[in-house]
Amino acid sequence: MLLEMDGVALGRRIREELRNEKIRIVYISSRESYAMSLFSVRPLDFLIKPVARERLWEVLETFLRLREDGAGEFVFKAGKSLGRLCLDEIRYFACSGKKVEIHALSGRREFYGNMREVWRQTEGKGFLTIHKSYVVNTAFVSVYRHDSVELADGTVLPVSQRHRKTLREHLLEQYGGGR
């Protein structure tokens, strides 16, 4: 029981205000009717009290499997410091000259480097090059257009002609072709 808001309101706040699709939410309630109001929050699961031990273990195993699938870190050197960020928290990378900006849920960071270095650490982990200056985490793409993508936070990034086909095919495969 939450004091100031219910779990659905908190879930909506996480998804809509914070624009965070990464947080895994599991609801537990004694009321089955509560489940119908949760679709807009996109929870990992909904458990009905009393919770059976086997069912709880199933949900925990699913959580751990999903966490492992998104596991990975991006490591970078910024000045004399060494930084690291979880890959599933990074929305996109932008390169301008010799500076690379990391746009993450926790804010913006930058380091001296190049996109080849970024690609080396992100290849095959849900990231795609969409332009010579941008590598995007496809999990954050909410709208694909012919020449741009829009991320969940409203950021619009250009897609160069060279990368359009690869991005389109990847997104169709990732999201089931719009079925």
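The values are calculated or read from the model by the stated rules, or taken from the named source; none is laboratory data. Keep in mind it's a predicted model, so treat the numbers as computed, not measured. Glycine also receives a Cβ, built like all others from the backbone with ideal geometry; neighbour counts cover every protein chain displayed. Note: areas computed on protein heavy atoms with side chains; ligands, DNA, RNA excluded. Shrake-Rupley method; radii C 1.70, N 1.55, O 1.52, S 1.80 Å.
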Nearest 500 deg cm²/dmol is fine: what mean residue ellipticity at 222 nm does the chain get from its DSSP H runs of n ≥ 4 alone, each adding -39,500 (n - 2.57), divided by its residue count?
-7500 deg cm²/dmol
Using modelled amide H (1.01 Å from N, peptide plane; none on Pro or chain starts), what sits under 5 Å from the amide H of LEU47, excluding residues fewer than 5 places away?
TYR27, ILE28, SER29
Kindly write out, for the range 42-57 in residue order, the coupling ³J(HN,Hα) from the Karplus curve 6.51 cos²θ - 1.76 cosθ + 1.60 (θ = phi - 60°), rounded to whole Hz, with x marking Gly and Pro.
6, x, 5, 6, 9, 10, 9, 6, x, 7, 6, 4, 4, 5, 4, 5
Taking 25 Å as R0, compute the FRET efficiency from the Cβ-Cβ separation of SER29 and GLU61 and round it to 0.05.
0.75
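If you count only protein heavy atoms with a 1.4 Å probe, what accessible area per residue comes out for the range 1-113, rounded to a whole Å²? Please list the in-between numbers first.
Working: 7980 Å² over 113 residues.
On a per-residue basis, the range 1-113 sits at 71 Å².
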Would you list the P(r) distribution for the chain, with all Cα-Cα distances sorted into 5 Å bins from 0 and each bin expressed as a whole %?
1, 7, 14, 16, 17, 14, 11, 8, 6, 3, 1, 0
Note, ³J(HN,Hα) from phi for the range 120-126, Karplus 6.51, -1.76, 1.60, rounded to Hz, x at Gly and Pro
4, 8, 10, 4, x, 10, x
Number of Lys pairs in the chain with C-alpha atoms less than 22 angstrom apart, excluding same-chain neighbours closer than eight positions?
11
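What is the calculated FRET efficiency for ARG42 to ARG168, with r their C-beta to C-beta distance and R₀ = 25 Å, to the nearest 0.05? Could you put the intermediate results ahead of the total?
Numbers: r = 24 Å, r/R0 = 0.97.
Step by step, r from the Cβ atoms, then E = 0.55.
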Positive minus negative residues near LEU151 (Lys, Arg vs Asp, Glu; Cβ under 11 Å)
-1
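Using the Cβ atoms and a cut-off under 13 Å, what net charge is assigned to the surroundings of TRP119, where Lys and Arg are +1 and Asp and Glu are -1?
Details: positive: ARG116, ARG120, LYS125, LYS132; negative: GLU117, GLU123.
With Lys, Arg at +1 and Asp, Glu at -1, the neighbours total +2.
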What list of ³J(HN,Hα) couplings, whole Hz, do you get for the range 136-149 from phi and the Karplus terms 6.51, -1.76, 1.60, once you set θ to phi - 60° and write x for glycine and proline?
10, 7, 5, 5, 9, 6, 9, 9, 10, 10, 3, 10, 7, 10
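Give me the number: length gained by fully extending ARG13 to GLN161, i.e. 0.36 nm times residue separation minus the C-alpha to C-alpha distance, one decimal in nm. Mind dumping the intermediate values first?
Numbers: separation 148, 0.36 × 148 = 53.28 nm, distance 3.66 nm.
Answer, rounded to one decimal: 49.6 nm.
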For the pair GLU89 and ARG116, the simple spin-label estimate (label points 7 Å beyond Cα toward Cβ) gives in nm 2.9
